Amino acid sequence: MFSGRRFIILKAKKIDRTVFIPTVILFMLMSLVLLLGGHSLQHWLAALMDGITANMGWLFFGVYLLNFAFFVYLACSHFGRIRLGKATDKPRFNNFQWGSMVFATAIDASILMLSMVDPLRAVAHPAFNLKPFSNAAYLNATMIGQFDWGPMAWMMFSAGTIAIAYAIYNKHRKVQRLSEAITLLDGQQRYKKILRTFVDFLVVVGIMGGIGSSVGLEIPILSTVIHSFTGIPDNFGLKLALFAILFVLFAVTVFAGLEGGIDRLSAAHIWTAIGFLIFVFIVGHTGFLSRLELGNLGNLVTRYLPLSTGTVGKGAMTTNANTIFYWGWWLSYMPFTGLFIAKISKGRTIRQVIVGMLIFGALGCMSFYAVLGGYSLFLQHSGAVNLVHILNTQGQAAVIAKVISTLPFKVVVLIFYSLSCFIFLATTISSSAFIVSSLTSLKLKVGEEPSRFNRMIWVGVFIIFSMGIVVVGGFKTVQTICTLAGLPLIFVCVLLIGSIVQMVRQDQTVYATRRTRASLERDAEVQVKQLRRTKQKRQTGRGRLAPPIRY
């Protein structure tokens with residue numbers, strides 16, 4: 001299939017066919033299966049997700065616990081003082097600019113949608129043996145989502161971020177692919193070369209699965225929301241039209257490249273999301289939202305360990321399946337997000353990067369659940385709308401449309417909400433297509449971008465694969481594909497942690513700093529002892545000068 005002239009074309013476009021060809025073929029085949037199988041695949045994919053939750057959930061919980069414990073230790077230890085770059089390097093961006101970019105690159109339109117729906121599932125099927133729709137269930141409802149998008153999730157990005165940043169700024173490597181930051185795979189041995197190629201393949205599969213699932217989840221919701229306000233039939237034609245608009249938007253931004261395309265979308269999408277969040281907080285029942293969030297935060301602290309190990313009692317299957325789905329999703333985003341955060345973190349210490357991701361990233365995501373999820377719970381609790389019934393009978397897209405319809409200026413809000421989701425989608429896929437095209441390119445010069453041919457191929461693959469997910473339909477379908485995409489990256493995460501351990505243990509600046517501190521402490525101790533001796537001599541008179549000799 002890819003021989004002769006086609007290989008010459010790939011070489012001319014600086015495309016690495018060892019990664020490009022297998023991944024393109026894999027996702028085109030998967031797209032074909034999804035498009036031809038349609039709704040008949042829903043049951044099979046749902047059963048597969050249940051099997052993963054029951055039999056392999058321990059693997060997801062295990063790697064997240066390991067990753068979280070390791071990076072908390074790294075931040076708190078003397079290794080946390082290691083600066084990513086030279087000792088004299090200063091951060092290019094201030095804390096707010098850096099934090100905004102970190103938060104913006106790691107989230108997509110999904111949080112604008114799922115933060116409204118997840119708490120409803122949690123209050124109807126509560127964990128910890130709570131009674132459904134009880135006050136205790138409400139005080140735990142947004143907690144589950146905040147855990148799934150909170151500190152443990154954001155620490156997963158640290159593996160890629162710290163490994164790549166240290167390799168670039170401290171070891172002075174040119175990192176175009178994630179495998180080039182994994183020092184455990186350094187060397188020319190044949191098995192290491194194969195493993196590096198395999199890691200690159202898994203990274204592309206993870207990004208494709210995660211981002212494709214995002215679009216496959218979000219397009220049906222957008223379609224339903226638009227139908228509820230405009231009356232346009234919510235059929236495959238409307239979804240196809242949305243795909244066409246997105247394709248044009250993706251193509252223009254990816255074709256333009258980083259300067260003048262992707263960068264402008266990135267700057268816009270964070271402000272539209274924050275604007276929508278502030279609006280809902282102001283016009284919603286602010287007092288209810290505040291009280292509810294205080295209760296949820298308290299429960300999150302006291303129940304963090306059971307949530308981290310999957311021991312949540314009644315409702316464990318539903319709660320754990322949701323957590324595993326999200327954590328598979330975060331794993332699939334890890335290489336893409338890690339590369340971006342690494343590139344904006346020069347001059348910061350390891351501790352500053354880790355703590356910054358927790359403050360800006362985790363708290364940012366948790367705020368969406370506090371406001372949007374809290375507002376959904378207010379509507380359910382007050383009896384204004386039976387959102388749980390709508391969720392069970394019509395699906396989550398209908399819930400989101402109903403929640404938006406209860407807000408003031410609903411037509412304006414609909415336009416603003418849809419625009420926010422479109423910008424999120426365009427930013428996510430455009431950036432992902434750019435990263436994937438870099439991963440499937442041969443060595444690029446400094447400042448050189450992947451070929452437009454490569455970038456546009458991946459935009460097309462993203463669209464076709466996402467369309468296949470939409471054709472199959474069902475939230476379980478998205479959960480299964482995300483989980484499968486993230487599963488192999490557990491292996492990559494462990495390699496990254498091992499490489500970080502290897503790199504920081506060999507960092508001479510740490511030991512030089514420790515030796516300098518020890519030397520200063522010894523000098524200080526000597527000075528203190530000398531001052532004490534001098535004081536004692538003065539007090540006893542032994543330190544007085546001898547009287548002058550008289551003749």
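The values are calculated or read from the model by the stated rules, or taken from the named source; none is laboratory data. Bear in mind that the values here come from a model prediction, so they are computed numbers and not experimental data. When we count neighbours, we look across all protein chains shown, and the Cβ atoms used for this are built from the backbone with ideal geometry, even at glycine. Note: areas computed on protein heavy atoms with side chains; ligands, DNA, RNA excluded. Shrake-Rupley method; radii C 1.70, N 1.55, O 1.52, S 1.80 Å.
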| note | Residue count, the range 276-315, condition farther than 16 Å from Tyr138 by Cα, open to solvent by less than 30 Å² (accessible area, probe 1.4 Å), assigned to a helix (DSSP H, G or I) and of a type outside the set (A, V, I, L, M), comes to 2
| remark: Inside the range 185-226, the number of residues satisfying the requirement of being free of Cβ contacts under 8 Å to residues at least 24 places away in the same chain and either among the aliphatic types (A, V, I, L, M) or assigned to a helix (DSSP H, G or I) (or both) is 8
| open to solvent by less than 20 Å² (accessible area, probe 1.4 Å) and in contact with a Lys or Arg (Cβ under 9 Å, 6 or more places away or on another chain) - does that describe any residue in the range 51-68? | no
| query | Has the range 61-82 got at least one residue that is within 25 Å of Leu496 (Cβ to Cβ), touching a residue at least 24 places away in the same chain (Cβ under 8 Å) and outside any helix (DSSP H, G or I)? | reply | yes
| note | Condition set crowded, with 19+ Cβ neighbours inside 10 Å and among the hydroxyl-bearing types (Ser, Thr, Tyr), scope the range 437-468, selection nearest to Ile219 (Cα to Cα): answer is Ser466
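Does Phe434 count as farther than 30 Å from Ala163 by Cα, in contact (Cβ under 8 Å) with a residue 60 or more places away in the chain and out of contact with any strand residue (DSSP E or B) (no Cβ under 9 Å at 6 or more places or on another chain)? First the steps, then the outcome.
Details: farther than 30 Å from Ala163 by Cα: no; in contact (Cβ under 8 Å) with a residue 60 or more places away in the chain: yes; out of contact with any strand residue (DSSP E or B) (no Cβ under 9 Å at 6 or more places or on another chain): yes.
No, not satisfied.
Residues being assigned to a helix (DSSP H, G or I), polar (S, T, N, Q) and modelled with pLDDT of 80 or more: count how many of those fall in the range 419-441.
Residues of the range 419-441 that are assigned to a helix (DSSP H, G or I), as a first pass: 419-439.
The next check asks that each one be polar (S, T, N, Q); those that pass are 420, 427-428, 430-432, 437-438.
From what's left, modelled with pLDDT of 80 or more: 437-438.
Qualifying residue count for the region: 2.
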| Residue list for the range 337-347, filter: open to solvent by less than 10 Å² (accessible area, probe 1.4 Å) and in contact with a helix residue (DSSP H, G or I) (Cβ under 8 Å, 6 or more places away or on another chain) | Thr337, Gly338, Ile341, Ala342, Ser345
| task | For Val355, indicate whether it is open to solvent by 10 Å² or more (accessible area, probe 1.4 Å), farther than 28 Å from Thr230 by Cα and modelled with pLDDT of 90 or more. | result | yes
| How many residues are under 15 Å from Val280 (Cα atoms), touching a residue at least 40 places away in the same chain (Cβ under 8 Å) and either of a type in the set (S, T, N, Q) or open to solvent by less than 50 Å² (accessible area, probe 1.4 Å) (or both) if we restrict to the range 367-417? | 21
| field | Output for the range 128-149, where each listed residue is surrounded by fewer than 24 Cβ atoms within 10 Å (Cβ to Cβ), among the small types (Gly, Ala, Ser) and either modelled with pLDDT under 90 or assigned to a helix (DSSP H, G or I) (or both) | value | Ala136, Ala137
